[in-house]
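Here the structure is laid out as structure tokens; the discussion comes afterwards.
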Amino acid sequence: MKFLIISDIHAMSKDLLNLTESSQSKPGSSSIGGYNGSTRGSVYIEDRTTKANRLLAVPEYLIDAGLNQDIDFLICLGDMAHQCKRGVLQLIWQQLNDIANDLSISNICAVSGNHDVASHEVDFQNGSPDSILKNLRPPFPMADPELRRDYHGNQFAVIEEGDVGLVLVDTTSLIGYQGQRKADLWNKGFISNELISGIRASITSSDCSAFVIAMHHHPTRVHKLQDVETDYIENGDNFLTMLQDTGKPCFLLHGHKHFVNFRRYNERQNSPWIFSASSLAATPYPGMQERYKCQFHILDFALNPNTKEISGQIASWDWVAGQWEKAGSTGMTHLIGFGRQSSLKDMAEKISSVVSEGGTLRGKGAFDEVPDLRYLTQDDIFDLQKLLKETHSVEMIASHGVQKFAFYAEDD
Ligand SMILES: [Fe+2]
């Protein structure tokens with residue numbers, strides 16, 4: 001199953017740039033006016049060329065590269081328009097639908113971001129904070145009316161597609177609340193215990209064997225060491241533990257943080273995979289410039305019918321000098337894998353046996369002999385390299401980020 005993932009576009013009109021400093025308001029205040037802030041996006045709706053507008057450039061790039069085949073879902077992980085500007089939001093949602101159409105993707109869906117719902121009271125006097133989303137055309141966040149009622153009424157909806165379920169979770173339900181926690185809820189999002197129970201019941205009673213969970217806010221630290229903030233959803237650990245305890249493999253996608261990363265929640269069996277998507281176009285938060293690239297991603301995975309485990313790859317592209325290109329080494333490399341079924345020890349022994357008998361192992365031949373090479377994470381690659389050298393005297397040459405491998409006996 002293949003997902004085209006676009007997150008945190010933060011699109012704006014250039015009209016917003018023309019507001020004077022004194023007319024701007026900050027999130028959490030109720031003053032009238034615009035706010036563009038230091039993390040505004042770089043997609044301007046007035047730019048209609050693919051060189052100037054990276055969202056428009058996505059389908060053109062994928063078609064030119066021949067990568068527009070068999071994508072099952074286009075999913076947007078929230079923050080389509082910076083500061084919930086109605087016209088921009090409508091236009092970007094329409095544009096995402098157009099992209100799905102251009103790429104023959106039959107399913108488009110999304111989750112609400114904190115920038116997609118009105119947080120200033122003055123903006124929702126005639127409806128709820130999410131009334132702009134409820135009135136979008138085509139309907140948001142998916143076409144099916146029953147699932148839409150689930151999403152807007154129960155804060156989650158489950159799309160079942162064969163063996164795999166996609167759970168869309170709304171973490172913005174308390175945005176617009178005007179109490180003391182207003183700014184906190186805007187930043188961290190919210191998941192209630194009731195929502196956790198509802199999702200648990202849906203997953204455990206479903207015939208689907210694996211689940212993709214999509215939400216805007218992050219349920220835990222994005223990176224165990226580099227993310228030192230505690231700005232994640234307060235109930236996030238309970239949510240992730242619930243996913244783990246269902247016994248079904250879960251792959252969680254989120255946006256919001258603008259900090260790309262991929263990891264497992266913990267070391268326990270059946271730990272959920274967590275992919276923190278990059279922003280398509282936001283300006284880096286202060287202090288994050290070094291590891292920052294604007295990206296989009298394709299998640300491609302399959303469910304093993306015997307083990308009921310998932311294995312796959314995530315591909316990423318960087319926006320560089322007015323065009324998309326395969327991602328380099330900043331933050332997220334072009335290709336990473338996950339979900340290998342064999343142990344590194346078994347893989348090393350297999351590689352060693354082929355190489356020590358004078359066989360060559362590189363290029364496509366390496367994947368033919370050891371299919372799990374496709375599913376190595378970055379950490380796995382380093383660990384396998386070390387194991388081969390120390391235990392089998394085999395040299396492993398890995399082109400990080402493009403998944404090319406070559407193996408040689410050391411005395412060759
Ligand atoms: Fe964002």
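With the cut-off at 27 Å, report for the chain the share of all Cα pairs above it, as a whole percent. Everything past 27 Å amounts to 52 percent. When HIS152, HIS10 are arranged by Cβ crowding within 10 Å, least crowded first, meaning fewest neighbours, the order is HIS152, HIS10.
Please work out how much length the chain gains when fully extended from ASP144 to SER342, using 0.36 nm per residue of separation minus the C-alpha to C-alpha distance, in nm with one decimal. Between ASP144 and SER342, full extension yields an extra 67.3 nm.
When each of the peptides 89-102, 159-172 is scored by the mean number of other C-beta atoms lying within 10 Å of its residues, the order from highest to lowest reads 159-172, 89-102. Modelled spin-label separation between LYS389 and SER353, with each label point placed 7 Å from Cα along the Cα-to-Cβ direction: 2.5 nm.
In terms of packing, defined here as the mean over residues of other Cβ atoms within 10 angstrom, the peptides 244-252, 262-270, 135-143 line up highest first as 244-252, 135-143, 262-270.
Based on the alpha-carbon gyration tensor of the stretch 89-210 and its eigenvalue square roots a ≥ b ≥ c, which shape applies: rounded if a/c is under 1.5, prolate if not and a/b is larger than b/c, or oblate? Cα axes put the stretch 89-210 in the oblate bin.
Measuring nothing but how far apart in sequence close Cα pairs (under 8 Å, 6+ apart) lie, relative to its length, the chain scores a relative contact order of 14 percent. For LYS85, neighbours were defined as the other residues whose beta-carbon sits under 11 Å from its Cβ, and their charges (Lys and Arg +1, Asp and Glu -1) total -2. With 0.36 nm allotted per residue and the present C-alpha distance subtracted, the ARG362-GLU160 stretch has 68.8 nm of extension available. Each of the peptides 340-349, 294-303, 368-377 was scored by the mean count of other Cβ atoms within 10 Å over its residues; in descending order, highest first, they stand as 294-303, 368-377, 340-349. In terms of Cα to Cα distance under 20 Å, which aspartates and glutamates are near enough to LYS188, apart from those fewer than 8 places away along the same chain? Cα-Cα hits under 20 Å: ASP8, ASP79, ASP116, GLU121, ASP130, ASP170, ASP227, GLU229, ASP231, GLU234, ASP237. For a straight C-alpha distance cut-off of 19 angstrom, the lysines reachable from LYS308 (same-chain residues fewer than eight places away being disregarded) are LYS2, LYS248. How much mean residue ellipticity at 222 nm does the chain get from its helices, if each DSSP H run of length 4 or more adds -39500 (n - 2.57) and you divide by all residues, to the nearest 500 deg cm²/dmol? For the chain, the value works out to -8000 deg cm²/dmol. Annotation for LEU225 and ILE397: the two label points, set 7 Å from Cα along the Cα-Cβ direction, are 2.8 nm apart.
Would you mind classifying the stretch 344-409 by shape? Square roots of the alpha carbon gyration tensor eigenvalues, ordered a ≥ b ≥ c; an a/c under 1.5 is rounded, otherwise it is prolate if a/b is larger than b/c and oblate if not. Here the stretch 344-409 falls in the oblate category. Find how many whole Å separate the alpha carbon centroid of the stretch 281-302 from the alpha carbon centroid of the stretch 253-279. When both Cα centres are located, 13 Å separates them.
We did not get these values from a lab; they are worked out from the coordinates using the rules stated. For clarity, every value in this text was computed on a predicted model and none was experimentally measured. Glycine gets a Cβ as well: all are built from the backbone with ideal geometry, and neighbour counts include every protein chain shown.
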